[in-house]
Every structure is written in C-alpha cells, then in structure tokens.
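Structure first, commentary second.
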Amino acid sequence: YHRWGRFARGGAKLLWGEACAVVPEGRANARQLMFSKENFPEFKKLITFAREEHRKSCGNTDDFLIGLQLTHSGRFAYPNPSVVTRDPVIDPFARFGKERRPMAADHPVLTDDYLDRLQDAYMEAVKMSVEAGCDFVDIKQCHRYLLNELLGARQRPGKYGGSLENRTRFARTLFERIRAEYPKLIIATRMNIFDAVPYRKNAQTNIGEPVEFPRPYLNAFGVNLENPLEPDLREPIEVIKIFRKAGLQLLNISAGCPYYNPHFLRPADTPPPDGYEMPESGLIGMDRHFRMAAEIQRAMPDLPMVGTGYSYLRHFAHEVGEANLRAGRISLVGWGRGAIAYPDWVLDLQKTGTLEKGKACITVSYCTTLMRTKAGELGQYAAGCVPRDPVYAKLMQEIRKTERETKARQ
C-alpha cells in the first residue's frame, strides 16, 4: 500500500502493477503477490485505494489506467524451479529456496497437461483482475520466467515446443481467450525480445563474463543463434505480429534475466550482492535497449509500446524519453526503478519541466538487495528505494546490523 500509494499520487497515468503469481508454485519469492480467492478482497481493496489516491492527488481518474502482471516464475519459482526445457547453459543457475545450486540431471520438466491446466489458472486470474477493477492485464513473458522460456523452447517436444507455432501456442491461446471473454479489457505483455546468455563474476576482476555456450544456441529467444550475445529481432517481430492478431493491444519490451545477466535490462553503478561489475558502460546497455525498442516500434507503428530502460539516466531520463517519443521510437515512456525512487516525477515535470537530481534513482541496487536478502521474516525483505525512502532505509539498517552481528559471532 505504501508503494502503490506513492505511485498513484505521482501523476503518471498508467500504473503497470507488479508481478502477481497465478498459482502458488509460480511465485518468485515468498512475498510475491498471488491470485487466490482468499486474496481477492485485498486485491480489490488495493486497486480501489490506488484509484482514490490518484483522484486526491490529480483530481481525475478517467484517464488513469491500472493493470496487474500475471506470471508464473518457472525456473526461478520459489522454492522449487519449474522448467519447460532443460538447458545445460542456464541449469547451473537454478535457485532452490535460499540456496543457489545446479539443477540435478533428473529434475522434471513440466508436462503439456500441466501447461493446459495453467491456462485455466491464468484465466481465473484475469477474471479476478477484471472484478478487482483493472483496466488491463499483462501476460508476463520476460526475464526467462516460464512464458518467456516457452518462446525459446526449440528443443521441447510436444505442442508447446519446437516450431514457432508451438512455442507461441500458450500465450497466443491465452490472448484469444481473454479477448473472447473480456472484450473491454486491454491485453498487454511485458516481453523479452533478447535473452542473451548467463554471465559469471570473474574471480580476479569481479567483472561479469559470458559463460560458455554451444553453437548454435537453441534455447534462447531473440538471439543470433551462432552468437547469442547479439540480438536478432526477426523472430520477436514475427511473434509480436502473431500476438497482435490474437488480441495483444499494449507492449513493453525487456531483455536478459535479472538473476544472471542484469546489465542487459537494468545497468547499475553498484551491482546487487549476488551480481557482478558491469562488463560495459550502462549507457551502452541503455542505447541497445532503445535501439531494439525502436526496431520493434518501426515494424508495428500502430501498436502502443511502452519504452523502458530509462532509470540509469537519473534526472536526465525525461529528456531522452521525449527524444524517443518525438522520433517515433516508442509510444509511451515508462519508469521502473526510477519510479520506485522518484514516484512523483510526472508531477515535477508538469510543475517545472525538470527533474530533481536529489530525488532520482542512483542505481546502487539496494532495492534488489532487499529482495534477495533472505533473513527477513518471510524469507525476503519488502523491496523499495533505500536512498530515497526512510521506510526501506530502516530495513537496510536492519540487514547491516544482522550482518555485523553474524560476523562478530564468527
């Protein structure tokens, strides 16, 4: 409520809600929001609260859109991974509760029957979203979570793997079902268009380096199969056109995976505790993101697309966002980490035309540190901006105190 209230009061007109698991085994962590009949009254209360906070701050909610992100975390589910394909390149990065270790050779792969049932769980979550008052739902297909992994599952047998028709079947069918049952609901997706490969920390330099990979590398989406460190957007463009025909109305692109190559999606001056020093300037990663977004938007100029990747620019983000809008590279400007640090950035732009340096995100990864630290009551701390919000600064102080006490005992 603290986080959503700050977002709602900040002046932005599209509140793209956080990831909410559609089944218990699909959560990425113990604190992640989850759709259930028991949780539904609180979901509805949260949406109503956000709308009222926006009305009190901005005077009008007629042009204020709220949506939720529907997800299954797949191989990054907590506490046990759920995979749709085995991959020797990314299986070593498996997470089992608080522990990170390679996936065993006999770890099971989800069956087609499970995926069929999961479709119904997504539709139940869509129904709850509509009844809670959402204007749109995001069918999450990014960051190597389950639906993203399906897009690259060239070596999976059965109706959900292999051919492009099969790899798009789950999301495509889901879009068609939503459009048929809820024609007034806006259908959105946050989607990886470039997966890349995992990076490991160099023991001497702490700089991230790509792991070894086979050529061709067949388990990633949006990559040059002979060199998966390079994007190839031909297939993502084809896939988005397929989804558009099935009912997709709003797109946000992303890249990489926050667990093992975060510099592709959120470059940072200070890496998270389980991360690595960036192998390239954050400006290079940001430019790559903008170029990929522009290529997608040019291919589908009539598809509204939210451009992201701006937070690394701090208080200059709005200048670049405006440039991308004027050039037709995107349709809307979205902030992720930047909005956590600076939720009222839109109001400040309306009042002064500028952003305040002292309120902007400084990309030190403390929000990720809170989320990845497992000593909290629920196995994770509430995540927010430590430098800009005293609520989360206190939590970081608690973490540091626990670390000092543990070190002293040792």
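The values are calculated or read from the model by the stated rules, or taken from the named source; none is laboratory data. Computed from a prediction, not measured in an experiment: that's the story for all the values here. Reconstructed Cβ throughout: ideal geometry from the backbone, glycine too, with neighbour counts over all protein chains shown. Each accessible area value is taken on the protein alone, full model and side chains, heavy atoms only, with ligands, DNA and RNA left out. Shrake-Rupley method; radii C 1.70, N 1.55, O 1.52, S 1.80 Å.
Couple of notes before you dig in:
- Subset of region 19-42 (residues that are assigned to a helix (DSSP H, G or I) and either free of Cβ contacts under 8 Å to residues at least 24 places away in the same chain or touching a strand residue (DSSP E or B) at 6+ places or on another chain (Cβ under 8 Å) (or both)): Pro24, Gly26, Pro41, Glu42
- Residue list for region 236-255, restricted to those being out of contact with any His (no Cβ under 7 Å at 6 or more places or on another chain) and closer than 25 Å to Ala317 by Cα: Leu250, Leu251, Asn252, Ile253
- Count of region 351-390 residues, restricted to those that are open to solvent by less than 70 Å² (accessible area, probe 1.4 Å) and in a helix (DSSP H, G or I), is 8.
- Exactly one residue out of Ile330, Ile340, Ile296 is open to solvent by 10 Å² or more (accessible area, probe 1.4 Å) and touching a strand residue (DSSP E or B) at 6+ places or on another chain (Cβ under 9 Å): that is Ile330.
- Looking across region 65-120, the residues that are without any contact (Cβ under 8 Å) to a residue 24 or more places away in the chain, out of contact with any Pro (no Cβ under 7 Å at 6 or more places or on another chain) and in a helix (DSSP H, G or I) come down to Asp113, Tyr114, Asp116, Arg117, Asp120.
- Per the listing Ile253, Ile193, Ile207, the residue uniquely in contact (Cβ under 8 Å) with a residue 12 or more places away in the chain, open to solvent by 20 Å² or more (accessible area, probe 1.4 Å), touching a strand residue (DSSP E or B) at 6+ places or on another chain (Cβ under 7 Å) and among the β-branched types (Val, Ile, Thr) is Ile207.
- Scanning region 338-390 for residues that are in contact with a Phe, Trp or Tyr (Cβ under 7 Å, 6 or more places away or on another chain) and hydroxyl-bearing (Ser, Thr, Tyr) yields Thr363, Thr373.
- Residues satisfying the stated conditions in region 88-126, i.e. within 24 Å of Ser36 (Cβ to Cβ), over 22 Å from the mean Cα position of the chain (by Cα) and basic (Lys, Arg): Arg117
- Test: Arg244 is open to solvent by 20 Å² or more (accessible area, probe 1.4 Å) and either of a type in the set (Asp, Glu) or assigned to a loop (DSSP other than H, G, I, E, B) (or both): no
- Exactly one residue among Lys241, Lys245 is under 22 Å from the mean Cα position of the chain (by Cα) and of a type in the set (Lys, Arg), and that residue is Lys241.
- Residue check, Thr406 of a type in the set (S, T, N, Q), closer than 25 Å to Gly282 by Cα and out of contact with any strand residue (DSSP E or B) (no Cβ under 9 Å at 6 or more places or on another chain): no
- Pro279, sole failed condition from (1) modelled with pLDDT of 95 or more; (2) under 18 Å from the mean Cα position of the chain (by Cα); (3) part of a loop (DSSP other than H, G, I, E, B): (2)
- Met371 vs. criteria in contact (Cβ under 8 Å) with a residue 12 or more places away in the chain and either among the basic types (Lys, Arg) or farther than 29 Å from Pro271 by Cβ (or both): no
- Check on Leu115, modelled with pLDDT of 95 or more, within 30 Å of Arg6 (Cα to Cα) and of a type in the set (A, V, I, L, M): no
- In region 210-224, the residues that are within 27 Å of Val306 (Cα to Cα), aliphatic (A, V, I, L, M) and either touching a Phe, Trp or Tyr at 6+ places or on another chain (Cβ under 7 Å) or open to solvent by 50 Å² or more (accessible area, probe 1.4 Å) (or both): Val223
- Pick from region 258-299, criterion touching a residue at least 40 places away in the same chain (Cβ under 8 Å) and of a type in the set (Gly, Ala, Ser), ranking: nearest to Ile207 (Cα to Cα): Gly275
- Every pair of residues 6+ apart whose Cβ atoms lie under 6 Å, when the first sits in region 148-175 and is without any contact (Cβ under 8 Å) to a residue 24 or more places away in the chain and among the polar types (S, T, N, Q) while the second is part of a loop (DSSP other than H, G, I, E, B) and open to solvent by 30 Å² or more (accessible area, probe 1.4 Å): Asn166/Lys159
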